[in-house]
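The values are calculated or read from the model by the stated rules, or taken from the named source; none is laboratory data. The shown structure was predicted, so the numbers you read here are calculated from the model rather than taken from an experiment. Glycine gets a Cβ as well: all are built from the backbone with ideal geometry, and neighbour counts include every protein chain shown. These accessible areas exclude ligands, DNA and RNA; they are computed on the full protein's heavy atoms, side chains included. Shrake-Rupley method; radii C 1.70, N 1.55, O 1.52, S 1.80 Å.
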Amino acid sequence: MDALDLPWLAQPLAQALAHARSHALLVQGPAGVGQFDLALLLAQAWLCEAAPEARPADGRACGHCGSCKLFQSRTHPDFQILLPDALREPLGWAAEEAEGKEGKESKSKPSREIKIDAVRAMLGFTQTTPARGRAKVVVVYPAEALNTVAANALLKTLEEPAGALRFALASMAPQALLPTIRSRCQPVPLGLPDAAQARDWLAARGVEQAEVLLAAAGGRPQQALDWAQDGLKAATWLALPGRLARGEVAAIADWPVPRALDTLPRLAHDLLCLAHGAAPRFCPAASLPKKPLASAVTAWSRVLQQAARHAEHPLNAGLLLESLLLQGQAALHPERNPERNVPRA
Ligand SMILES: [Zn+2]
């Protein structure tokens, strides 16, 4: 049996295939654990044309039949995917239709929403008979990216799908979905993978001190891998509190703003835990000051939250990072204040 790229999905996949009662499943869980991948595995399994005895016992796709080959080459005629334009390229689904849009439109920022036009095109697809006869499958990711108009357009089809039509929605924020969408889907919960399994998976992909980045990512291996591939090393993460405490601007000066806004709140979270006598979650305690000042940490958290709200268009990334760092210095190093730095006469 071929191993899955994300081994921790094997059990939830088997469960979902064995217990699917609905034609629409909603894979839900935290970001960075593979909801999208699980939705694709479900889709491939539903479309697979191999006889049950020629498939793995857990019911997943065979990986070798004509349907699986088409699915793997992303050209299956009975499969459609709904993604926001902003995710097409990062996820490797920058399709033909996107290429046709070169020119003046390519200058505008790709949308983070799934819009009504995309849903209408998908509905057209669902109304034709399957090209290969087995089923038709639509994956929607992330389902919370459906704007209200698009979600409403999807409702009826979700409730009364034509023929052998099946849906796999995946969401990191199911509470943000229209209740009417949620109620039409069977939930497939996906939790954090086993830490040892996730650590080994990261190590196999060349991540050094994988347990450090895995903890920094709150146990979400895909998030940890993204950071590692983006150049964030475990050693950098471990040294960060000390460098921020010393006011070393260079510690984060060349960081992409989204990474700073994604990671620094975790550091602030841990400092707040320590200030209140609780154990840190994202950083090893040894890398943190023993007793940070709660008021300074709270002030820093507020600054970070505010920065996150304007993250889409920071006026000046360098200035923003520097101010986040200076605020962080106070949180990490409460005893540092101007008077202390004045040499005694
Ligand atoms: Zn197959």
### Label point 7 Å beyond Cα of Glu113 along Cβ direction - residues of region 144-160 with amide nitrogen under 15 Å
144-154
#### Entry: Rotationally averaged projected area of region 28-180 (alpha carbon convex hull; nm²)
9.7
### Summary
Measuring from the longest principal axis of the C-alpha atoms of the chain, the long axis of helix 317-332 (C-alpha) lies at a number of degrees, nearest 10, equal to 60
#### Entry: Cα-based convex hull, region 6-45, per residue volume (Å³, whole number)
69
### Query
To the nearest 0.05, what FRET efficiency results for Phe125 and Ala10 with a Förster distance of 25 Å applied to their C-beta separation?
0.25
#### Entry: Of the trypsin sites (Lys or Arg not before Pro) in region 1-69, those whose Cβ has at most 10 other Cβ within 10 Å and which sit in DSSP loop
Arg21
### Task
Give, in nm to one decimal, the length gained when the segment between Gln175 and Gln229 is fully stretched (0.36 nm per residue of separation minus the Cα-Cα distance).
16.4 nm
### Query
How many nm separate the modelled label positions at Glu89 and Arg132, each set 7 Å beyond the Cα in the direction of the Cβ?
3.0
### Task
Compute the separation of the alpha-carbon centres of region 135-177 and region 243-275 and state it in Å as a whole number.
37
### Query
If you place +1 on the Cβ of every Lys and Arg, -1 on the Cβ of every Asp and Glu, and leave all else neutral, what size is the dipole of the chain about its Cα centre, to the nearest 20 Debye?
680
### Task
Please give, to one decimal in nm, the separation of the simple spin-label points placed at Ala50 and His64, each 7 Å out from Cα toward the Cβ.
0.6
### Message
For Leu146, what residues show an amide H to amide H distance below 5 Å, using hydrogens built from the backbone and excluding near sequence neighbours?
### Response
Ile114
### Query
For region 169-185, in order, what is each residue's ³J(HN,Hα) by Karplus, 6.51 cos²θ - 1.76 cosθ + 1.60 with θ = phi - 60°, in whole Hz (x at glycine and Pro)?
9, 9, 9, 9, 9, x, 5, 8, 7, 4, x, 5, 6, 4, 6, 8, 10
#### Entry: Descending principal axes extents, region 257-312, alpha-carbon based, whole Å
34, 21, 13
## Note on the structure
In degrees rounded to 10, the 0-90 angle between helix 148-159 Cα long axis and the longest Cα principal axis of the chain is 40
### Task
Taking the Cα centre of region 32-89 as origin, work out the dipole magnitude from +1 charges on Lys and Arg Cβ and -1 charges on Asp and Glu Cβ, in debye rounded to 20.
80
### Task
Counting residues in region 118-257 as N, plug N into 2.2 N^0.38 Å and put the Cα Rg over that result.
1.48
### Task
Provide the packing ranking of 297-303, 226-232, 173-179, i.e. peptides ordered by the mean count of other C-beta atoms within 10 Å per residue, highest first.
297-303, 226-232, 173-179
### Query
Non-local amide H neighbours of Val140 (under 5 Å, H modeled in plane, Pro and chain starts lacking H): which ones?
Leu82, Ala168, Leu169, Ala170
### Hull volume in cubic angstrom per residue (convex hull over the Cα atoms of region 143-215)
135
### Task
Would you calculate the volume per residue, in Å³, of the smallest convex hull containing every Cα atom of region 223-333?
92
### Query
Which value, to two decimals, describes the C-alpha radius of gyration of the chain once divided by 2.2 N^0.38 Å?
1.16
#### Entry: region 113-183 - Rg over Rh from alpha carbon coordinates, Kirkwood radius
0.96
### Message
Helix-only estimate, please: 222 nm mean residue ellipticity of the chain, summing -39500 (n - 2.57) across DSSP H runs of length 4 or more and dividing by its residues, to the nearest 500.
### Response
-13500 deg cm²/dmol
### Query
Using modelled backbone amide H atoms (1.01 Å from N, in-plane), which distant-in-sequence or interchain residues come within less than 5 Å of Ser111's amide H?
Asp85, Ala86
### Query
What number, in percent, do you get for the relative contact order of the chain if the mean sequence gap of Cα pairs under 8 Å and at least 6 apart is divided by its residue count?
17
### Summary
Heavy-atom accessible area of the chain with neighbours in place, 1.4 angstrom probe: carbon+sulfur share in percent works out to 54
